[in-house]
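Notes follow the structure.
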Amino acid sequence: MDALKAKYLDRIASAADEAALEEVRLAALGKKGEISLRMRGLGGMEPEARAATGAALNALRDEIDSALRARRAALGDAALDARLADEWLDVTLPARPRRQGTIHPISQVRDEVTAIFADMGFAVAEGPEIESDWYNFDALNIPGHHPARAEMDTFYMHRDPGDPRPPAVLRTHTSPVQIRSMETQGAPIRIICPGRVYRADYDQTHTPNFHQVEGLALDRSLTMANLKWVLEEFFSAYFGTRVKTRFRASHFPFTEPSAEVDIQCSFEGGAVHVGEGDGWLEVLGSGMVHPKVLRAGGIDPHEWQGFAFGMGIDRIAMLKYGIPDLRSFFDSDLRWLRHYGFAALDMPALHTGVAR
Ligand code: PHE
């Protein structure tokens, strides 16, 4: 027993690595290991000798086992020390350059628009993109038979016969948020609502999903003059140059009177330059909120009046950043995004100058 013990403890102590140690373990304690074989031989012994030899063999096996463990741990520590001494990392080195994503021009323009209107006291309101036909049409004085309902190329949500829920549409404009805001905030009110809208239309200047920003201001004595001032302030801040507007009489069921608004521009050399020349470009619809719409929003038209407008975000993004094709906004083409996108830290704010 003593010779066995001395032999294996010695071999364990001199094992230079994990593999050598494993060899020692197999030789002693493996299935065909020397100690295992001896233990198997116990069966053929006299009972007394078997008890004594068995106990001694068990003790020897335990001792070798713990010596193996201790040596394994020591080898592991030594290996770690060697790695620590050998491998190292300079954490002060600059990181490897990595392509960063960019902010989509529509997101950037939405933030620019928000910053400018916030400076004029407008809060941001939101509403659902799946809207009931009441909010999208009826409450805005567009009854069921009204041609505007057909003109808007509306996407209707599927409805099983007998479905008790009101018909729902993908909102065709941001105007339903006017009603929702009147309901929740009452008057006076000053909000804008930037968001996605949907119409079943697709060509070079139309995409089934596009973006609008709605504006709504109600107070006791607001007029078209206030509307014109707000819009000219907005366009001048947004384009970074004084921009004239032209109001053309128009018709919307939810405003009376109604006006389509053009901004001044030149078309020289195939490019559009806003704020110069004697051309005009239509950018929004607007007017004084119709009394019926105020009533639908729970607001007394004898006490309150104001203006509303709806502007195409994609359109004004194209104008400011010289983006020629509306459809490219929705292609998710990485080269396009890298070219027209903005750095994440390039946050629009009036004090930094919204026009970059
Ligand atoms: N909702 C109208 C449209 O999508 C725009 C608009 C909004 C007109 C508010 C007047 C007042 O065309």
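Of the residues that make up the range 78-96, is at least one part of a loop (DSSP other than H, G, I, E, B), out of contact with any Ser or Thr (no Cβ under 9 Å at 6 or more places or on another chain), open to solvent by less than 70 Å² (accessible area, probe 1.4 Å) and farther than 30 Å from residue 347 by Cα?
The initial filter retains those residues of the range 78-96 that are part of a loop (DSSP other than H, G, I, E, B), namely 87-96.
Then keep just the ones that are out of contact with any Ser or Thr (no Cβ under 9 Å at 6 or more places or on another chain); that gives 87-96.
If we keep only those that are open to solvent by less than 70 Å² (accessible area, probe 1.4 Å) too, we end up with 90.
Imposing the further condition that a residue be farther than 30 Å from residue 347 by Cα reduces the set to 90.
Yes, there is a match, as at least one residue in the range 78-96 is part of a loop (DSSP other than H, G, I, E, B), out of contact with any Ser or Thr (no Cβ under 9 Å at 6 or more places or on another chain), open to solvent by less than 70 Å² (accessible area, probe 1.4 Å) and farther than 30 Å from residue 347 by Cα.
On inspection, residue 200 passes the criterion of being of a type in the set (A, V, I, L, M), assigned to a loop (DSSP other than H, G, I, E, B) and within 26 Å of the chain's Cα centre (by Cα).
Residue pairs whose Cβ atoms lie under 9 Å apart, separated by 6 or more positions or on different chains, with the first residue in the range 46-73 and over 16 Å from residue 15 (Cα atoms) and the second hydroxyl-bearing (Ser, Thr, Tyr) and surrounded by 14 or more Cβ atoms within 10 Å (Cβ to Cβ), are 60/8; 61/36; 63/8.
When you scan the range 8-22, how many residues do you find that are surrounded by 14 or more Cβ atoms within 10 Å (Cβ to Cβ) and of a type in the set (D, E, K, R)?
Within the range 8-22, the first condition is being surrounded by 14 or more Cβ atoms within 10 Å (Cβ to Cβ), and the residues that meet it are 8-9, 11-12, 15, 20-22.
Right, trim to of a type in the set (D, E, K, R) and you get 11, 22.
Selection size over the range 8-22: 2.
Within the range 172-186, the residues that satisfy the criterion of being surrounded by 19 or more Cβ atoms within 10 Å (Cβ to Cβ) and in a loop (DSSP other than H, G, I, E, B) are 172, 173, 174, 175. Within the range 147-171, the set of residues being small (Gly, Ala, Ser) and either open to solvent by 30 Å² or more (accessible area, probe 1.4 Å) or closer than 12 Å to residue 134 by Cα (or both) comprises 150, 162, 168. Of the residues making up the range 1-22, those that are of a type in the set (A, V, I, L, M, F, W, C) and assigned to a helix (DSSP H, G or I) are 3, 4, 6, 9, 12, 13, 19, 20, 21. Cβ-Cβ contacts under 7 Å between residues 6 or more apart (or on different chains), taken from a first residue in the range 176-192 that is farther than 10 Å from residue 216 by Cα to a second residue that is within 14 Å of the ligand (Cβ to nearest atom) and acidic (Asp, Glu), are listed as 176/131. Just one of the numbered conditions (1) modelled with pLDDT under 90; (2) open to solvent by 90 Å² or more (accessible area, probe 1.4 Å) is not true of residue 45: (2).
Is it true that residue 111 is within 29 Å of residue 177 (Cα to Cα), under 32 Å from the mean Cα position of the chain (by Cα) and open to solvent by 100 Å² or more (accessible area, probe 1.4 Å)? Walk me through how you get there before you give the answer.
Details: within 29 Å of residue 177 (Cα to Cα): yes; under 32 Å from the mean Cα position of the chain (by Cα): yes; open to solvent by 100 Å² or more (accessible area, probe 1.4 Å): no.
No; evaluated as a whole, the condition is false for this residue.
What strands (runs of 3 or more DSSP E), lying completely within the range 206-290, carry at least 2 residues that are free of Cβ contacts under 8 Å to residues at least 60 places away in the same chain, away from the ligand (no atom under 16 Å from the Cβ) and among the polar types (S, T, N, Q)?
Details: elements: 209-219, 245-252, 255-266, 279-289.
Once the strands (runs of 3 or more DSSP E) in the range 206-290 are filtered for at least 2 residues that are free of Cβ contacts under 8 Å to residues at least 60 places away in the same chain, away from the ligand (no atom under 16 Å from the Cβ) and among the polar types (S, T, N, Q), what remains is 255-266.
What are the residues in the range 124-146 that are among the charged types (D, E, K, R), open to solvent by less than 30 Å² (accessible area, probe 1.4 Å) and either in a loop (DSSP other than H, G, I, E, B) or without any contact (Cβ under 8 Å) to a residue 40 or more places away in the chain (or both), if any? Give the steps one after another, and end with the answer.
First, the residues of the range 124-146 that are among the charged types (D, E, K, R): 126, 129, 131, 133, 138.
When the remaining residues are screened for being open to solvent by less than 30 Å² (accessible area, probe 1.4 Å), the result is 131, 133.
Within the range 124-146, just 133 meets the criteria.
Taking the conditions exactly as written (over 14 Å from residue 131 (Cβ atoms), in a strand (DSSP E or B) and either at pLDDT 95 or above or open to solvent by less than 20 Å² (accessible area, probe 1.4 Å) (or both)), does residue 190 satisfy them or not? In short, yes.
The values are calculated or read from the model by the stated rules, or taken from the named source; none is laboratory data. The structure presented is a predicted model; accordingly, all values stated were derived computationally and were not measured. All Cβ positions, even for glycine, are placed from backbone atoms using ideal geometry, and neighbour counts span all protein chains on display. What goes into the accessible areas is simple: the full protein's heavy atoms, side chains included, and nothing from ligands, DNA or RNA. Shrake-Rupley method; radii C 1.70, N 1.55, O 1.52, S 1.80 Å.
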